[in-house]
Amino acid sequence: MKIHNIKSATLFFLGFILCTNNVLSQNMENKLSKEKSLYLKQHASNPVNWFPWGKEALSKAKDLDKLLVISIGYSSCHWCHVMEEESFEKEDVAEVMNNNYISIKVDREERPDIDEIYMKALVLMTGSGGWPMNIIALPDGTPIWGGTYVPKLQWMQVLDQINEFYKNRKTDVLEYAKNIKEGVRKEALVKPVTDKEVYSDELQKQLANNAFKYTDKVNGGFGNSQKFPLPSMLNFFLRFSIENENEEMKNFVYNSLIKIAQGGINDRVEGGFHRYTVDNLWHIPHFEKMLYDNAQLLSVFSKAYKVFKEPRFEEELNNIYNFLELKMTGEDNLIYSSISADTNYEDGSKEEGDFYIWKKEELQELLGEDYKWVSEYYNINDKGFWERKSYVFIQTTSDQKFASKLNLDLNQFKAKLKLINKKLYNFREKRINPITDTKIIFSWNALTIRGLVDSYKATGDKIFLNKALSINKALSQFMISGSSIFHTNSFNKVNQVLFFEDYSYYIDALIGLYEVTFDEKWLTKANDFTQFSNVKFKENNGYYKFSTTKENLYTNTLINLEDGVTPSANSVMNFNLFRLGHYLGKKEYSQHSKAMIKDISENIKERVTDHLFWLWLSHNYSNKFYEVAISGKQAEMKAKELMLKYLPNTLTAASNSSSEIYLLKDRYFEDETFIYVCVDNTCKFPVTTIEKAEILINE
């Protein structure tokens with residue numbers, strides 16, 4: 001049977017049913033026990049003969065002409081562990097896998113390049129992605145089947161069907177694999193643009209309105225089922241609404257962040273946000289907590305606090321900070337990657353969310369007279385009910401209104417609530433804590449520096465700045481060697497793969513440190529890593545490849561351009577080049593960034609919701625972007641006053657003394673501090689107050 005297209009091939013695989021006999025089992029050593037990754041170690045005792053990713057497994061598959069099972073996940077993934085319990089721990093499943101396949105386990109956080117390669121194929125084959133990601137591939141790594149969580153019986157059917165199909169219909173399998181290769185190649189293409197003006201105001205409004213169609217105007221966020229915070233989305237609509245005086249979009253951002261803050265996605269007891277919710281009310285989370293979410297929410301709440309002056313947004317900054325200090329910071333001051341959704345009991349059983357949920361009876365006993373108002377505030381009722389006679393806290397009345405009901409002023413109520421949350425925390429800590437993955441992921445720590453910097457810019461509170469500096473010091477000490485950035489603390493210095501995301505996010509973090517300290521060494525370091533990135537990662541089309549891995553398998557060079565739960569490393573690098581071009585007067589950076597933003601325009605038009613940070617960036621090029629240069633003995637003081645404002649179309653350089661930096665050169669005077677408001681270093685007449693500078697920016 002000739003397979004003509006990917007969709008029909010996928011349907012053929014799923015519908016093809018064959019009966020097979022059991023085959024002899026082989027005794028192979030499970031090699032995951034030698035790995036440093038917590039996720040891989042968690043599978044070390046499986047009867048499946050897992051290999052870690054590497055030449056040994058790939059060579060063995062080729063030598064034996066066996067298909068590969070490539071199973072990708074991470075330690076805090078609930079459904080990864082469900083599939084392990086149901087399938088990978090079972091002897092009958094292991095027998096099929098061991099006899100017919102070479103099986104590889106991959107920690108997606110340790111090898112994001114392998115994850116990215118196969119996620120593109122999975123989305124192409126099935127229309128969606130997720131974890132656990134299970135791929136069946138040819139011995140050379142080319143995928144021919146993909147899925148996420150699969151129940152045991154269905155998984156065994158898939159294994160038998162695909163193996164028989166490979167044995168008996170290899171020509172069709174190879175043809176299908178060829179189609180997959182071509183499909184992924186096309187997905188990675190950047191479409192050339194010939195128009196001189198690609199980001200008119202009219203087009204940007206059209207794209208913003210197109211993206212806005214997918215938002216939930218009632219509950220906030222994207223879509224009407226499960227909800228992810230999606231910081232790039234919230235940041236875009238915040239900026240667009242301010243620059244275009246769009247009250248509907250502005251109210252949407254406010255409503256989204258209030259609902260996120262009040263929902264079950266927010267752990268009110270110890271701080272920190274869960275990864276997403278399974279409903280559209282932000283109520284019932286998938287209970288894992290990821291560093292990258294909390295790092296980015298620091299930035300989102302910071303910017304929103306500048307715009308709305310909503311006390312709750314500032315409160316959430318402190319709550320995230322306290323969570324990072326309490327549960328996520330290691331002895332070396334670096335931040336762990338995640339906390340699992342599951343509670344692991346001594347009898348070997350696991351329950352999702354057990355650490356975080358509450359029984360009515362235990363709350364009544366613990367809280368006594370306070371139970372009545374606490375149960376009303378946190379909805380220990382039908383609204384807050386989950387399952388197993390348990391509740392997940394959700395707030396549906398504002399603190400101000402609830403304080404009024406208790407005849408308290410807001411500060412009195414918050415003090416009362418703080419005592420209750422502390423009591424709940426102390427009680428909850430007696431439970432078995434979910435497992436924390438102490439893996440250090442460089443790029444996520446860099447995102448955290450940016451989040452802390454933004455928190456300092458919004459509040460002026462030095463706890464955020466000091467935390468950012470301590471993380472940066474530890475990264476420099478433990479995870480950077482010369483120009484090499486090690487992606488995780490489980491790195492192998494031999495044949496080390498470098499990941500562009502680490503460089504892109506870190507350059508942004510270094511620029512952020514300059515934005516709040518005005519110490520020029522941070523710009524120097526940012527420039528050094530930019531130059532290294534241009535040599536190591538930059539491709540002929542001006543974008544940057546995913547990593548230095550030589551294991552490109554079935555793809556050509558892998559380039560990621562989409563803004564998802566984290567922004568694309570390329571979109572962040574675009575902003576890095578844009579800012580460094582302004583700060584340092586490097587025209588080649590400015591030209592490079594402008595070419596990148598122009599060439600991505602067709603991709604944005606086709607799938608705007610997947611490119612919202614790119615769309616955010618487009619405003620830097622189509623509208624006026626202001627350089628604010630402050631020079632004089634009070635420059636840094638005035639700059640810190642300015643940083644409290646929400647001005648997304650500006651960057652600020654400041655020095656209390658004479659400086660050779662491009663924006664500040666020849667602008668220092670002993671007797672006065674001048675503020676220069678410039679566009680491409682062409683400046684208006686200098687002023688001496690922030691109020692006057694703001695007028696010039698807003699003209």
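A few comments on the model shown:
- Computed from backbone phi, the HN-Hα couplings of the range 425-433 come to 4, 4, 5, 5, 5, 6, 6, 6, 6 Hz, rounded to whole numbers (Karplus: 6.51 cos²θ - 1.76 cosθ + 1.60, θ = phi - 60°; Gly and Pro given as x).
- The listed peptides 677-685, 77-85, ordered by packing as a protection proxy, come out as 77-85, 677-685 (highest mean of other Cβ atoms within 10 Å first).
- 22 Å Cα-Cα threshold exceeded, pairs from 66/178; 259/418; 62/105; 457/605; 152/350; 383/405: 457/605
- Candidates 659, 690, 644 compared by Cα position along the dipole of the range 626-698: farthest toward the positive end lies 644, with charges placed on Cβ.
- Only Lys, Arg, Asp and Glu carry charge here, each on its Cβ (+1 for the first two, -1 for the last two); on that basis the chain has a dipole of about 560 debye about its Cα centre.
- When the listed pairs 306/640; 467/536; 289/467; 587/624; 473/550 are checked against a 22 Å cut-off, the alpha-carbon distance exceeds it for 467/536; 473/550.
- Annotation: amide H of residue 67 within the under-5 Å range of 102, sequence separation 5 or more or interchain, hydrogens built in the peptide plane.
- Dipole-positive endmost among 632, 568, 592 within the chain (Cβ charges, Cα centre): 592
- Peptides 402-411, 223-232, 570-579, 163-172 ordered by average Cβ neighbours within 10 Å, highest first: 570-579, 223-232, 163-172, 402-411
- In Hz, Karplus ³J(HN,Hα) per residue of the range 598-610 (6.51, -1.76, 1.60; θ = phi - 60°; x = Gly, Pro): 5, 6, 8, 4, 5, 4, 5, 4, 6, 9, 5, 5, 8
- Residues 101, 276, sorted so that the one with the fewest Cβ neighbours within 10 Å comes first: 276, 101
- Toward the positive end of the charge dipole of the range 289-370, with +1 on the Cβ of Lys and Arg and -1 on the Cβ of Asp and Glu, the farthest Cα among 329, 345, 294 is that of 294.
- Rounded to whole numbers, the Karplus 3J(HN,Hα) couplings from phi for the range 132-137 are x, 9, 10, 10, 9, 9 Hz, using 6.51 cos²θ - 1.76 cosθ + 1.60 with θ = phi - 60°, and x at Gly and Pro.
- Each Lys and Arg Cβ is given +1 and each Asp and Glu Cβ -1; about its Cα centre, the range 421-496 then shows a dipole of about 320 debye.
- Charged-residue dipole, Cβ positions (Lys, Arg, Asp, Glu), the range 356-430 about Cα centre, Debye nearest 20: 140
- Set of aspartates and glutamates with alpha-carbon distance to residue 665 below 18 Å, sequence-local pairs under 8 removed: 515, 519, 520, 627, 636, 680
- Look at where the Cα atoms of the range 336-410 and of the range 646-670 average out, and the two centres are 50 Å apart.
- Ordering of 57-69, 259-271 by packing is 259-271, 57-69, highest average first (other Cβ atoms within 10 Å, averaged per residue).
- For the chain, share of DSSP beta bridges that run antiparallel, in % to the nearest 5: 70
Throughout, read-outs are computed from the coordinates displayed, never taken from laboratory work. Model, not experiment: these values are computed from the prediction. Don't worry about glycine lacking a Cβ; one is built from the backbone with ideal geometry, like all the others, and counts go over all protein chains shown.
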